[in-house]
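A short write-up of the structure that comes next.
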């Protein structure tokens, strides 16, 4: 996106004045660029006084809770600053919406790449490096889940008690809420949603060890090092909370590209990446968590992700989202529920 699009989202003068007050360089802002990111929260890169910054803020058509979401991202990035979890370093934060019209924060620009948009020649030419990348993704989830969240100041960041008990009801309610969108009936999914949800309720693990979870952990939400297979940073922390970290592992296994599922994520070249079973074995060898109910976490991920994607389809049916994207997401939702039903 162009510098004009950047300026439509950020008042450069107001930003510069705010940075002046926080001793973050001097002079004009330049090299403005809108980076690829989520639809609700955006990444905006720029330079000032020879330094490179990335600004994170809600979109211009943000949901009512957008400022609170940014505040929570600020909180979790501050908390993990001195851990071994790879993440963008938080530089400064603003919880005064009058500066740019919304809460925002500045973070370091990451020297790395997102595998969903292509690989450097080094990684594209090495199946061995790509194999290491798959295991590095799992290691990121392991590190995050082992952080002592109370010690880093996140005791009140989420409610661990009853976390798993709340999952099915939370997402079933969201699915039912789509009925208010004209043009969407959900008839083809009503029975699978009920059947999978009932199985999840009956087979829910009775206990878990609480920790920090990212909430949307997969290949598209990490950046890899330009020089090797390791993670440079985990990004897009808007769904982070305190709960069961195995949710993140279930998300990895569910979103992992599958040759038998044409709707799953496409990564090229794929040769060399570990299988989902190898990822699970890697986690098991390095964690003391009980993985005996891992199928439950995969089914929950199918359930939750399918319902989230169906929301875009429902909005597309109502003319509030692009039809092509809605149709693609609906096909993915159907595939996810088919997979969940095979597992139950």
Quick check, is residue 197 over 19 Å from the mean Cα position of the chain (by Cα), modelled with pLDDT under 95 and not in a strand (DSSP E or B)?
-> no
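Those residues that are part of a strand (DSSP E or B) and out of contact with any strand residue (DSSP E or B) (no Cβ under 8 Å at 6 or more places or on another chain), I need them from region 46-77; list them, please. Outline the logic, then answer.
Step one: list which residues in region 46-77 are part of a strand (DSSP E or B), which gives 46-48, 51-58.
Selection gives 51 alone.
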Please give the number of the condition residue 18 fails out of (1) more than 23 Å from residue 235 (Cα to Cα); (2) at pLDDT 95 or above; (3) in a strand (DSSP E or B).
-> (3)
The lone condition residue 42 fails out of (1) out of contact with any helix residue (DSSP H, G or I) (no Cβ under 8 Å at 6 or more places or on another chain); (2) part of a strand (DSSP E or B); (3) at pLDDT below 90 is (1)
Residue 229 buried (at least 17 other Cβ atoms within 10 Å of the Cβ), assigned to a helix (DSSP H, G or I) and touching a residue at least 60 places away in the same chain (Cβ under 8 Å) = no
When you go through (1) modelled with pLDDT of 95 or more; (2) more than 24 Å from residue 123 (Cα to Cα); (3) assigned to a helix (DSSP H, G or I) one by one for residue 289, which number turns out not to apply?
-> (3)
Does region 308-322 contain any residue that is touching a helix residue (DSSP H, G or I) at 6+ places or on another chain (Cβ under 8 Å), farther than 21 Å from residue 179 by Cβ and in a helix (DSSP H, G or I)?
-> no
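With assigned by TED's automatic domain parsing to the domain that holds residue 137, modelled with pLDDT under 95 and at positive phi as the only criterion, which of 319, 272 stands out?
319
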Can you tell me which residues in region 154-186 are under 26 Å from the mean Cα position of the chain (by Cα) and part of a loop (DSSP other than H, G, I, E, B)?
-> 154, 155, 156, 157, 158, 159, 160, 161, 162, 181, 186
Odd one out for residue 78 among (1) at pLDDT below 95; (2) at negative phi | (1)
Tally of residues being in contact (Cβ under 8 Å) with a residue 40 or more places away in the chain, out of contact with any helix residue (DSSP H, G or I) (no Cβ under 6 Å at 6 or more places or on another chain) and crowded, with 16+ Cβ neighbours inside 10 Å across region 192-215 | 3
Can you pull out the residues in region 243-286 that are over 21 Å from the mean Cα position of the chain (by Cα) and either in a helix (DSSP H, G or I) or within 25 Å of residue 206 (Cβ to Cβ) (or both)?
-> 277, 278, 281, 282, 284, 285, 286
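Which residue out of 106, 142, 189 is surrounded by 16 or more Cβ atoms within 10 Å (Cβ to Cβ), outside any loop (DSSP other than H, G, I, E, B) and touching a helix residue (DSSP H, G or I) at 6+ places or on another chain (Cβ under 6 Å)?
Only one candidate passes the filter, namely 142.
The values are calculated or read from the model by the stated rules, or taken from the named source; none is laboratory data. The structure displayed is predicted, hence computed values, not measured ones. No Cβ is skipped: glycine too gets one built from the backbone with ideal geometry, and neighbour counts run over all protein chains shown.
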